[in-house]
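Okay, so here's the structure we're looking at.
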Amino acid sequence: MSSASLPADFLRALSEGFPADFLTQDAEELKEYGRDWTRVYAPAPSAVALPRTTDEVARLLALCHQHAVAVVPSGGRTGLAGGAVAAKGEVVLSLQRMARLGPVDLLGNTVRVQAGAVTEAVHRHCAEHGLTWPVDFASKGSSTVGGNIATNAGGVKVIRYGLTRNWVLGLQVVTADGRVLELNGALEKNNTGLDLRQLFIGSEGTLGVITEATLKLTQLPGKQDVFLFAVPDVASVLRLFRDARQQTAFLISAYEFFTDRCLSRVQRHRKLRSPFEAPSGCYVLLEAEPRDAAAVEAWLGSLFERGLVTDGTQAQGAAQAAELWALREGISESLSATGLPHKNDISLPVAGLEAFCAELEAVFQSRYPGWEICLFGHIGDGNLHVNVMKPDALDKAEFLAHTKQADPTMFELVRKHAGSISAEHGIGLLKKDYLGYSRSEEELALLRALKRTLDPRGVLNPGKILDA
Ligand code: ZN
């Protein structure tokens, strides 16, 4: 469907019943709103709708349903699986004008916000009261609450707080045909049968459009210690993790790792310096809330004695902590800025990581002989980001064809070790063909049946996650 083929009576209804600036078909804006951070698909929406109220969202969806016009719900478009891509003449429904933050409820530790609220704005709003919504990742300056919930986003604090799903009390959702649902309100406990709210969390905009959410908050953590350790290899990363996890001297709030390949790309792109004199195979960023400073000190000393790390540094103050974090959080952006990465986001049961990583090495050697692989991720959650970099000698099309062919070998290994082909990035368009590696035929049939029930005309983010 191109813009010219949007039904004339649909466009007339929009121009008559909505504000003058509700819809744009400006070429630059179509391009911007039609893509996410995947940058693999050419954006081609036919229009962008910018509602200010839930009522406008509901009336727009009712019209789309009536005229069978496809809609792509759109938050901060920071996704990496193509879930917010509009490449087939869809109408993009941007929630960006719906960013109101309600008052923080200091008794219930909740806040109700509109879906377009930016993650970092929510953090600042709640921090004034000593509270936080502990959903945190590198894209927090652009990602939105609605997008985070629709994708059940993960990030760097999952090891302590769990996924976004755990921090949503209530949802306001508009259905495909324009009905407004209020699900669970601000209730912590509600045992009245199936929890419909969970249907929409992680549905990537395919079952309904989230317009407001009541978020569950927690106290801001106390002072955090940030450490960077050098270790020789992935097995050592896991050995150190096992040791750190058994400590009672601190509470882990992030356990991140990256390889020397990642570090050199970050150094090249961000012009940052490594705190270590000699390079090492792998690095671990540990953020922890200390409970017993003397015991933390003793533990640190023992790491060298016991050969668990080859080097290490502790941030002295917030500025140094930010510098260490920049080495980790700058990776994704630096890989894209200095080359063409083929990204994969996988997860394994933590206990199975060591065996998986050993076998993964063999997959790399057979499928990508001599290629640069940049491995990093939230390894404390079993989440690895595997980035295969395009060799200079290959052209882009050849490279993409090769990685597409090689992916199933890794997904087979993920299945063998009972992992998931998408840990936190979702399925979108990018992983759709591979969903069967992580979900059974029976599950897929149920998911299709749900889609047909909630979106019988197939207008909500069609083609994402699965084909109904
Ligand atoms: Zn991540």
Mind checking which pairs have a first residue in region 318-340 that is more than 15 Å from residue 264 (Cβ to Cβ) and a second that is in a helix (DSSP H, G or I), Cβ under 8 Å, 6 or more apart or different chains?
340/396; 340/399
Residue check for residue 256: closer than 22 Å to residue 157 by Cβ, under 23 Å from the mean Cα position of the chain (by Cα) and at pLDDT 95 or above
yes
Region 32-56: number of residues that are β-branched (Val, Ile, Thr) and open to solvent by less than 10 Å² (accessible area, probe 1.4 Å):
1
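Does residue 345 meet the test of being open to solvent by less than 20 Å² (accessible area, probe 1.4 Å) and among the charged types (D, E, K, R)?
The answer is yes for residue 345.
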Among residues belonging to region 105-123 that are open to solvent by 20 Å² or more (accessible area, probe 1.4 Å) and hydrophobic (A, V, I, L, M, F, W, C), point out the one that is nearest to the ligand (Cβ to nearest atom).
118
On the basis of being touching a Leu at 6+ places or on another chain (Cβ under 6 Å), part of a strand (DSSP E or B) and under 23 Å from residue 326 (Cβ atoms), does residue 227 make the cut?
yes
Looking only at region 124-138, filter to residues that are open to solvent by less than 30 Å² (accessible area, probe 1.4 Å) and out of contact with any Leu (no Cβ under 7 Å at 6 or more places or on another chain); which one of those is farthest from the ligand (Cβ to nearest atom)?
134
Of the criteria (1) among the aliphatic types (A, V, I, L, M); (2) under 26 Å from the mean Cα position of the chain (by Cα); (3) open to solvent by less than 60 Å² (accessible area, probe 1.4 Å), which one residue 300 fails
(2)
Leading residue by the ranking (nearest to residue 410 (Cα to Cα)) among those in region 377-391 that are part of a strand (DSSP E or B) and more than 11 Å from the ligand (Cβ to nearest atom)
386
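Can you tell me which of 204, 212 is open to solvent by 10 Å² or more (accessible area, probe 1.4 Å), outside any loop (DSSP other than H, G, I, E, B), in contact (Cβ under 8 Å) with a residue 60 or more places away in the chain and not assigned by TED's automatic domain parsing to the domain that holds residue 309?
When all the criteria are applied, what remains is 212.
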What tally of residues in region 57-86 results from selecting those that are outside any loop (DSSP other than H, G, I, E, B) and either open to solvent by 20 Å² or more (accessible area, probe 1.4 Å) or outside the structural domain of residue 7 (by TED's automatic domain parsing) (or both)?
7
Which one of these does residue 184 not meet: (1) buried (at least 20 other Cβ atoms within 10 Å of the Cβ); (2) over 25 Å from residue 448 (Cβ atoms)?
(1)
One residue from 453, 403 being open to solvent by 50 Å² or more (accessible area, probe 1.4 Å) and β-branched (Val, Ile, Thr):
453
Just to be sure I understand, how many residues within region 366-388 are among the aliphatic types (A, V, I, L, M) and open to solvent by less than 10 Å² (accessible area, probe 1.4 Å)?
4
Selection count where residues are in contact (Cβ under 8 Å) with a residue 24 or more places away in the chain and away from the ligand (no atom under 16 Å from the Cβ), scope region 431-457
11
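Which residue out of 419, 428 is within 16 Å of the ligand (Cβ to nearest atom), touching a strand residue (DSSP E or B) at 6+ places or on another chain (Cβ under 9 Å) and of a type in the set (Gly, Ala, Ser)?
From the options 419, 428, the qualifying one is 419.
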For region 20-40, does any single residue satisfy the condition of being farther than 21 Å from residue 149 by Cα and within 18 Å of the chain's Cα centre (by Cα)?
yes
Restricting the search to region 260-301, which residues are under 20 Å from residue 321 (Cβ atoms) and polar (S, T, N, Q)?
267, 274
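In the set 313, 409, 403, which member is more than 16 Å from the ligand (Cβ to nearest atom), among the polar types (S, T, N, Q) and assigned to a strand (DSSP E or B)?
Sole residue among the options that is more than 16 Å from the ligand (Cβ to nearest atom), among the polar types (S, T, N, Q) and assigned to a strand (DSSP E or B): 313.
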If you check residue 394 against the conditions, is it aliphatic (A, V, I, L, M), open to solvent by 20 Å² or more (accessible area, probe 1.4 Å), over 17 Å from the mean Cα position of the chain (by Cα) and over 28 Å from residue 232 (Cβ atoms)?
yes
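The values are calculated or read from the model by the stated rules, or taken from the named source; none is laboratory data. As the structure is a computational prediction, the values presented were derived from the model and not from experiment. Methodologically, a virtual Cβ is constructed for each residue, glycine included, from the backbone with ideal geometry; neighbour enumeration extends over all protein chains shown. For the accessible areas, the whole protein counts, side chains as well, though only heavy atoms, and no ligand, DNA or RNA atoms are used. Shrake-Rupley method; radii C 1.70, N 1.55, O 1.52, S 1.80 Å.
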